[in-house]
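Participant: Take this structure, written in structure tokens, and hold onto it; I'll ask about it next.
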Amino acid sequence: MNYLYGKEWISNKNQEDLVQLNIALDSYLHFKKNSIEILEKLIKKKPNFLMANCLLGFLVLLTRDKNKVQIVKKIIKKCNQIINGASNKEIKYFKILNYWSDFKLYKVSNKLLEILKEDPKDILSFRLYHFNQIFLGIDKSYLENHLELIKNWKENDKYYNLVLGMTSFSYEENNQYERSKNLAIKSLNISKDDLWSWHALAHYYDSKQENFNGINLFSDINWNLYGPMKRHLWWHKSLFYFYNNEYEKCLNLYDNYVFDENEFYLDFCNAVSILIRLMHKNVNVISRMKKLKKIADYYLKQNLFPFIDFHILLFYYFLKDRNIEYFDDKIFNKKYFNTDFSDVYKRTLKPLIELIKNDKINNFNFLSNNFNELGGSFAQRELIHLSLINISNKKFNGQLNNKIIFHLKSKKNINKLKYV
């Protein structure tokens, strides 16, 4: 089991420990719910296993919860005491953990790419780069990096199908739909147990809108094995019902599968996204919005990502909750000043806040970029466009609506507008 290349670069030479580390990695790569549990048991047995500690730190940071960063800081403090004798790559991973815990995500992304240039088949770096970059904004270089990396993989390589799934997603987010579909199907023909490949295929159906036959996707999966990623797939399925105007089915899926009471950022964003869409269709979801408020309040002052903040902004606005006042320029300038997202705040999030809160917009051109800088996928950011059109129809008798439509220039946006 050398797919973490443990024999080559991990300082811990105990074969049994390496096997457990690889099992934990495999669990994470497949979105299973037991990866942290496996690592905690391993670390309890081998507290000085540096790479196991680093991987645990990464998994905690992937929760995107500032309240949990103190856990990672303790891991880092411990690792500082056991780093002597570590390999060069272990030291690189440890530095990445430090950058990430300090919210220096551009540094994290660049350092992961440096590892991948030396070792394109390092699946952990590949996956961490793939996900972190999503929240830094997906652009042409994201696809180019995936295409460069996949050249180094062969069909008989373990995790080749995962690489296909990640590359499929990068194709879809760059509007190359047929290539995205082909890679997702190729991946699933190799193995049906990669939720991210199913996810990429769901994105394809969402983007192409081919009668939304995506409703029948992922019907034979043992969901009991998986963590929150399963609820994101159910969110995609709820969107298919939404676009088919089957709002009762959409709401039933939300109640029984999408909503979760635990504080996890993606669950919260999923829930906000579907409830506000339904609200735009005059479906009464206020009681559900109120139930979700506890989680919105939990994330309100974390300001970890513009991606999370725009969901919170829209949530409070449509709930008519007083916490909308937190989205004040003076407060947010301080929150985002000297962070990796300070420019994104100024260019995109700030004018969005001004438009939604104050009916004020100085430059409509900021609408033309699909809000890529806010991170996430278009399927997630589409909520912004739909909400702006809803707001403008109510407040400006459609005048602002016409300008917004004019500035939604991409084919992807224009297609979506038929559902408004």
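The values are calculated or read from the model by the stated rules, or taken from the named source; none is laboratory data. Note that the structure is a prediction, hence the values are computed from the model and not measured. Glycine also receives a Cβ, built like all others from the backbone with ideal geometry; neighbour counts cover every protein chain displayed.
Residues checked against (1) surrounded by fewer than 20 Cβ atoms within 10 Å (Cβ to Cβ); (2) at pLDDT 90 or above; (3) among the polar types (S, T, N, Q):
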position	(1), (2), (3)
LYS293	yes, yes, no
TYR316	no, yes, no
ILE331	yes, no, no
ASN397	yes, no, yes
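Participant: State all residues of segment 134-149 that are among the charged types (D, E, K, R) and part of a loop (DSSP other than H, G, I, E, B); if no residue qualifies, say none.
Facilitator: Step one: list which residues in segment 134-149 are among the charged types (D, E, K, R), which gives 139-140, 144, 148.
Within segment 134-149, ASP139 is the sole residue that qualifies.
Participant: Here's another thing I want to ask about it. Exactly one condition in (1) in contact (Cβ under 8 Å) with a residue 60 or more places away in the chain; (2) touching a Cys at 6+ places or on another chain (Cβ under 8 Å) is false for SER238; which is it?
Facilitator: Result: SER238 passes all but (1).
Participant: Let me ask you something else. Could you please let me know if ASN152 is surrounded by fewer than 20 Cβ atoms within 10 Å (Cβ to Cβ) and either in contact with a helix residue (DSSP H, G or I) (Cβ under 8 Å, 6 or more places away or on another chain) or in a helix (DSSP H, G or I) (or both)?
Facilitator: Details: surrounded by fewer than 20 Cβ atoms within 10 Å (Cβ to Cβ): yes; either in contact with a helix residue (DSSP H, G or I) (Cβ under 8 Å, 6 or more places away or on another chain) or in a helix (DSSP H, G or I) (or both): no.
Criteria not met by ASN152.
Okay, residues lined up against (1) part of a loop (DSSP other than H, G, I, E, B); (2) touching a helix residue (DSSP H, G or I) at 6+ places or on another chain (Cβ under 7 Å); (3) acidic (Asp, Glu):
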site	(1), (2), (3)
ASP17	no, yes, yes
ILE43	no, yes, no
PRO47	yes, no, no
VAL60	no, yes, no
ILE115	no, yes, no
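Participant: So, one more: Based on this model, can you work out whether PHE307 counts as surrounded by 18 or more Cβ atoms within 10 Å (Cβ to Cβ), in contact with a helix residue (DSSP H, G or I) (Cβ under 7 Å, 6 or more places away or on another chain) and touching a residue at least 60 places away in the same chain (Cβ under 8 Å)?
Facilitator: Details: surrounded by 18 or more Cβ atoms within 10 Å (Cβ to Cβ): yes; in contact with a helix residue (DSSP H, G or I) (Cβ under 7 Å, 6 or more places away or on another chain): yes; touching a residue at least 60 places away in the same chain (Cβ under 8 Å): yes.
Yes, satisfied.
Participant: If you check every pair at least six apart or on different chains, which have Cβ atoms under 6 Å apart with a residue in segment 127-155 that is over 15 Å from LEU61 (Cβ atoms) and in contact (Cβ under 8 Å) with a residue 60 or more places away in the chain first and a residue that is of a type in the set (A, V, I, L, M) and buried (at least 20 other Cβ atoms within 10 Å of the Cβ) second?
Facilitator: Every condition considered, no pair remains.
Participant: Take the residues in segment 181-208 that are closer than 19 Å to GLU155 by Cβ and among the small types (Gly, Ala, Ser); name whichever of them is surrounded by the fewest Cβ atoms within 10 Å (Cβ to Cβ).
Facilitator: Taking the candidates together, the pick is SER191.
Participant: Give the residues of segment 36-63 that are in contact (Cβ under 8 Å) with a residue 60 or more places away in the chain and more than 15 Å from LEU112 (Cβ to Cβ), sorted by residue number.
Facilitator: Result: THR63, single match.
Participant: Still on this model: Quick one: in segment 339-360, of everything that is polar (S, T, N, Q) and in a helix (DSSP H, G or I), which residue is surrounded by the most Cβ atoms within 10 Å (Cβ to Cβ)? Show your work before the answer.
Facilitator: Step one: list which residues in segment 339-360 are polar (S, T, N, Q), which gives 339, 342, 348, 358.
If we keep only those that are in a helix (DSSP H, G or I) as well, we get 342, 348, 358.
Values: SER342: 13, THR348: 22, ASN358: 9.
Restricting to residues being polar (S, T, N, Q) and in a helix (DSSP H, G or I), the top hit is THR348.
Participant: Do you know which residues across segment 27-84 are on the phi < 0 side of the Ramachandran plot and among the basic types (Lys, Arg)? I'd like the intermediate steps shown before the answer.
Facilitator: Let us first name the residues in segment 27-84 that are on the phi < 0 side of the Ramachandran plot, namely 27-30, 32-63, 65-84.
Residues satisfying the conditions are LYS32, LYS33, LYS41, LYS44, LYS45, LYS46, LYS66, LYS68, LYS73, LYS74, LYS77, LYS78.
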